[in-house]
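Student: Quick one: the structure is below, questions incoming.
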Amino acid sequence: MPTRQKFDHELEELRVNILEMGNLVNQQIALAVSSLINQNLELANSIVVKDLDLNDLQAIIEEKCILLIATQQPFARDLRKLVAGFKISIYLERMGDLSVDLAKVTIRIGQDELIKPLVDIPRMSALVQEMINIGLKAYVDEDCGAAAEMALMDDEIDKIYSGVFGELRTIMMEDPNKVTQANYLLFASRFLERLGDYCTNIAEEIVYICNGKRMDLNE
Amino acid sequence: MKAHQADRFATIMLWIGSLAIVAILIAFLTLILGRGLPHLTSEFFNGPDGVRGQLFNSFYILFLSLVLSLPVGLGAGIYMAEYAPKNKFTDLIRLSTESLASVPSIVFGLFGMIVFVNMFGLGFTILGGSATLALLNLPILVRVTEESLRAVPRSYREASLALGATMWQTLRKVILPTALPGLITGITLVAGRALGETAILIFTAGMNVSRIPFDVNPLAAGETLAVHLFAVKSNPLPGTNADQIADGTAALLIIMVIVFNICLTLPSRWLQRRQLGRNKV
Amino acid sequence: MDKIVVNKLDLFYGDQQALNNIGIAMKERSVTALIGPSGCGKSTFLRTLNRMQDLIPSVKIMGQVKIDGQDIYAAGTDVVLLRKKVGMVFQNPNPFPKSVFENVAYGPRIHGETDKKKLSEIVETSLKDAALWNEVKDRLHESALGLSGGQQQRLCIARLLAVGPEILLMDEPTSALDPISTMKIEELISELKDKYTIIIVTHNMHQASRVSDRTAFFLSGDLIEEDVTSVLFTRPAKKKTEDYISGRFG
Ligand SMILES: Nc1ncnc2c1ncn2[C@@H]1O[C@H](COP(=O)(O)OP(=O)(O)O)[C@@H](O)[C@H]1O
Ligand SMILES: [Mg+2]
């Protein structure tokens, strides 16, 4: 195969790997939140195990990026794709870790009765997942408009997070017995908020692939 | 394996070829020198039938012909190689020199006789002989010069011009020194021809020797060694030992050519080495 | 300060146009790299800057090339002085078949320097500036042809520096060299940049990205794009540039 075609082929493979990783992360988040709502410990444990796959995938992507940079010495968009792909894989790997953290909240809470019905956490999770979906599509299409719009959704998550923060603080002040679980839930929502931030980071990388500009979308 | 054998075979053939050349040269030298050297006595040069005059004439004619042909030949060659634009006219010049180079020397001789001996009414003269010889050698000189100069890499010219040298400086300081070995070979070739030439000189310089020793009068007739050899052998004078004189002359001719070659080659080597610096590559 | 300003430059070989309306400016003491596929006119353009190209009889040149504000194609330009100021290094190292010393002394000599002591000084500083002195100081009077390819190329640079140029034109100076020699020349370029305005043609885009401040991309006689090197190689503005530096053609 001519060098350039081979390179294009390898870039395509890299993209497939990143998509695969993104879908897996999305699934991990969904399952983690579901385990939390349903207090399903078995599910939570499976998430922790599944995270190893994500780590492996990230290692593969990282290896590929390094190899392609070394052998192809790419310029321009190729270079940007590799650098951005590399960073996206790192963000996705951290997002995987955050879903494990979410699953661990499920495990900590165990079978204790929930101190309140979980409304905001599923809302945040839905937003994060939507961001990931839009982001992955924007990544495939190299559509920086879509990516920038996706980043705006993070504001919504932040808003919900501050609402949850206030609510849980009130609960903690009213009833010291609920402090432990309220803390866990506070962590959970904090993790979801962080997931939103990573999504905006990914959006920034997509913009960088498109036009080579570094933009702070995390406002 | 076939290729390997073919390679072996070719190497051996080439080797035999080169060996043959050396063998022929040695045979040639031993025969001619062997027969001729013993006759090279003082008597042979200075005696009543001595060849001192012919020996002198040979070099004198060689010298004059070079004086006449070198400036024109080198100049034209340099012009053709460096300055001449490439067009129909220069192609014509090139074609003419090529054709002239292959004209038989006897035809030049005839031409020289018509022009110098008859038209100018000079009779047989050293000058006429030298001039005709110069004409014979001119095309070769032009060609050799042009080729030697063209063999100098273009990159030398570019480097020199890019440093701000003029064309003339480039020619003098880079191109000519680099082309020197080629030029020397050309001159040696031409000189060898001049020393050995008979046909032309019989028609233009005649077969007589001035009675005055070392006569530099260019309008005197002047028989050279080669012509003398021809004359002695083809038309032996009664009462002289023609065969001995012929053998001696032949040996003397060969020695002359060898000495002349060495005289040209050694200084040019030395000049080159000085040019190149130590450790010539 | 702009050292070289080229304006609406057209060049023809006979009827065939090899440069199209080129406009570019080069700053003093900077390195500009010219990249582009073979035959796009890089060498042709480079050689218009020291008027080596109009030695070719069929060449016609229109437009302006100003060096220090002077149009070098204006009537009355002294080409010898111009070439003294604008020196050139070629693709294949081309030292003269002379000694190392004589190679470097050649330029000063043709420009009239005869003082032996002065010549020695010039030779020494030029060789030092070309980072070659230590390697040849004991063999100054040996043939330059005995040096390695990389040393020969640095010798050619020294030979050039000896005439005191201000602008150095380099036409693929490392394409005939091994990686180590290439690296040495690149290091040399980054040192020379403090004193000279350098324009380098290179087929090696990574070399361009390493050594140059600005890069110009040529394609079939057109100047497609010219920009700060880091910008041109990470986010070129033109699709053609992108395709070329990504190896999609050429
Ligand atoms: N001396 C010449 N005569 C005619 N055409 C030439 C000459 N030199 C170069 N060209 C043509 O001009 C174009 C540009 O050549 P050049 O400047 O050598 O390209 P590059 O250096 O980018 O490879 C090519 O198409 C080439 O064929
Ligand atoms: Mg070129």
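The values are calculated or read from the model by the stated rules, or taken from the named source; none is laboratory data. Everything numeric here is computed off the predicted structure, so don't read it as measured data. As a convention, Cβ positions derive from the backbone with ideal geometry for all residues, glycine included, and neighbour counts pool all protein chains shown. We work out accessible area using only protein heavy atoms, side chains counted, and drop any ligands, DNA or RNA first. Shrake-Rupley method; radii C 1.70, N 1.55, O 1.52, S 1.80 Å.
Student: Nearest 100 Å², what total accessible surface is buried between chain C and chain A (probe 1.4 Å)?
Tutor: Interface area, both chains combined: 1000 Å², rounded to the nearest 100.
Student: Among C:201, C:152, C:1, pick out the residue whose Cα is farthest towards the positive end of the charge dipole of the protein assembly as shown, where Lys and Arg carry +1 and Asp and Glu carry -1 on C-beta, about the Cα centre.
Tutor: With unit charges placed on the Cβ atoms, the residue in question is C:152.
Student: Still on this model: In terms of modelled amide H atoms, which long-range or inter-chain residues lie less than 5 Å from the amide H of residue C:33?
Tutor: Under 5 Å from the amide H of residue C:33 lie the amide H atoms of C:200, C:213, C:214, C:215, C:216, each far enough along the sequence or on another chain.
Student: Now, a different point. If we count every other residue with Cβ under 12 angstrom of residue B:143's Cβ, Lys/Arg +1 and Asp/Glu -1, where does the sum land?
Tutor: -1
Student: Mean separation of Cα pairs under 8 Å and 6+ residues apart, divided by the residue count of the stretch A:3-211: what relative contact order is that in percent?
Tutor: Relative contact order, the stretch A:3-211: 27 percent.
Student: Rounded to the nearest 20 debye, what is the charge dipole size of the stretch A:3-211 about its Cα centre when +1 sits on each Lys and Arg Cβ and -1 on each Asp and Glu Cβ?
Tutor: Approximately 180 debye in magnitude.
Student: Using the Karplus curve 6.51 cos²θ - 1.76 cosθ + 1.60 with θ = phi - 60°, what ³J(HN,Hα) values do you get for each residue of the stretch C:167-175, in whole Hz, with x for Gly and Pro?
Tutor: 10, 10, 9, 10, 9, 6, x, 10, 6
Student: Here's another thing I want to ask about it. Once the Cα atoms of helix B:126-150 and of chain B are each reduced to a long axis, what angle between those two axes, in degrees from 0 to 90 to the nearest 10, is obtained?
Tutor: Long axis of B:126-150 versus the principal axis of chain B: about 20 degrees.
Student: Can you compute the charge dipole magnitude of chain C about its Cα centre, using +1 on each Lys and Arg Cβ and -1 on each Asp and Glu Cβ, nothing else charged? Give it in debye, rounded to the nearest 20.
Tutor: Dipole about the Cα centre, nearest 20: 100 debye.
Student: Okay, helix-only estimate at 222 nm for chain B: each DSSP H run of n ≥ 4 adds -39500 (n - 2.57), divide by all residues, round to 500 deg cm²/dmol; what do you get?
Tutor: Taking each H run of at least 4 residues, the total per residue is -23500 deg cm²/dmol.
Student: From the phi angles alone, apply the Karplus equation (6.51, -1.76, 1.60; θ = phi - 60°) to the stretch B:243-248 and give each ³J(HN,Hα) in whole Hz, x where the residue is Gly or Pro.
Tutor: Working through the residues one at a time gives 5, 5, 4, 4, 4, x Hz.
Student: Still on this structure, I have one more. In the stretch A:3-211, what percent of the accessible surface is made up of carbon and sulfur (1.4 Å probe, ligands and nucleic acids excluded)?
Tutor: Summing carbon and sulfur atoms, their accessible area is 54 percent of the total for the stretch A:3-211.
Student: To continue, here is another question. So for the stretch B:40-276, averaging the separation of alpha carbon pairs under 8 Å that are six or more residues apart and normalising by length, what relative contact order in percent results?
Tutor: Once normalised by length, the contact order is 28 percent.
Student: Accessible area per residue for the stretch C:1-160 in Å², computed with a 1.4 Å probe and the full protein assembly in place, what is it?
Tutor: 41 Å²
Student: I've got another one for you. Can you give the mean number of other chain Cβ atoms that lie within 10 Å of the Cβ atoms in peptide B:241-249?
Tutor: 0
Student: So what is the accessible area of chain B per residue, in Å², with the probe set to 1.4 Å?
Tutor: Per residue, chain B has an accessible area of 55 Å².
Student: Could you tell me the distance between the Cα centroids of the stretch A:54-108 and the stretch B:209-223, to the nearest Å?
Tutor: Value for the Cα centre distance between the two parts: 102 Å.
Student: Moving to a separate point now. Output the relative contact order of the stretch B:142-230, whole-number percent, from Cα pairs under 8 angstrom with separation of 6+ residues.
Tutor: 25 percent
Student: Roughly how much accessible area, to the nearest 100 Å², goes out of reach of solvent when C and B pair up, both sides summed, probe 1.4 Å?
Tutor: 2200 Å²
Student: Okay, moving on. Give me the net charge of residue A:167's neighbourhood, meaning all other residues with Cβ under 10 Å from the Cβ of residue A:167; Lys, Arg count +1, Asp, Glu -1.
Tutor: With Lys, Arg at +1 and Asp, Glu at -1, the net is +1.
Student: Find how many whole Å separate the alpha carbon centroid of the stretch C:64-128 from the alpha carbon centroid of the stretch A:125-159.
Tutor: Between the Cα centres of the stretch A:125-159 and the stretch C:64-128 lies a distance of 62 Å.
Student: Within the accessible area of chain B, what % is carbon and sulfur when the probe is 1.4 Å and the other protein chains stay in place?
Tutor: Roughly 70 percent of what the probe reaches on chain B is carbon or sulfur.
Student: I've got another one for you. Ranked highest first by average number of other Cβ atoms within 10 Å, how do A:11-18, C:53-60 line up?
Tutor: A:11-18, C:53-60
Student: Whole Å is fine, so just give me how far the alpha carbon centre of the stretch C:197-242 lies from that of the stretch B:106-170.
Tutor: 52 Å
Student: Moving to a separate point now. Sticking with the crude label model, points 7 Å out along Cα→Cβ, report the distance from residue B:5 to residue B:98 in nm, one decimal please.
Tutor: 4.2 nm
Student: Using DSSP to define loop residues, name the trypsin sites (Lys or Arg not before Pro) in the stretch B:180-244 whose beta-carbon has at most 16 other beta-carbon atoms within 10 Å.
Tutor: Within the stretch B:180-244, the qualifying trypsin sites (Lys or Arg not before Pro) (loop, at most 16 other Cβ atoms within 10 Å) are B:211.
Student: Still on this structure, please answer the following. Over the stretch A:7-51, average the accessible area per residue using a 1.4 Å probe and give it in Å², no decimals.
Tutor: Per residue, the stretch A:7-51 has 43 Å² of solvent-accessible surface.
Student: Return the Cα extents of the protein assembly as shown along principal axes one, two and three, sorted largest first, each rounded to a whole Å.
Tutor: The principal-axis extents, from largest down, are 154, 68, 50 Å.
Student: Treating the beta-carbon of each Lys and Arg as +1 and of each Asp and Glu as -1, no other charges, what is the dipole magnitude of the protein assembly as shown about its Cα centre, to the nearest 20 debye?
Tutor: 3980 debye
Student: Work out the mean other chain Cβ neighbour count within 10 Å for the residues of C:142-155 and drop it here as an integer.
Tutor: Counting Cβ atoms of other protein chains within 10 Å of each residue's Cβ and averaging gives 2.
Student: Continuing with the same structure: What is the Rg over Rh value, at two decimals, for the stretch B:20-97, using alpha-carbon atoms and the Kirkwood definition of Rh?
Tutor: My calculation puts Rg/Rh at 1.27.
Student: Can you bin the stretch A:3-211 into rounded, prolate or oblate? Criterion: square roots of the alpha carbon gyration tensor eigenvalues sorted a ≥ b ≥ c, rounded for a/c under 1.5, prolate for a/b above b/c, oblate for the rest.
Tutor: prolate
Student: Let me ask something additional. Taking square-rooted eigenvalues a ≥ b ≥ c of the alpha carbon gyration tensor, is chain B rounded, prolate or oblate, where a/c under 1.5 means rounded and, failing that, a/b exceeding b/c means prolate?
Tutor: oblate
Student: Antiparallel as a % of all DSSP beta bridges within the protein assembly as shown, to the nearest 5?
Tutor: In the protein assembly as shown, DSSP labels about 60 percent of beta bridges as antiparallel.
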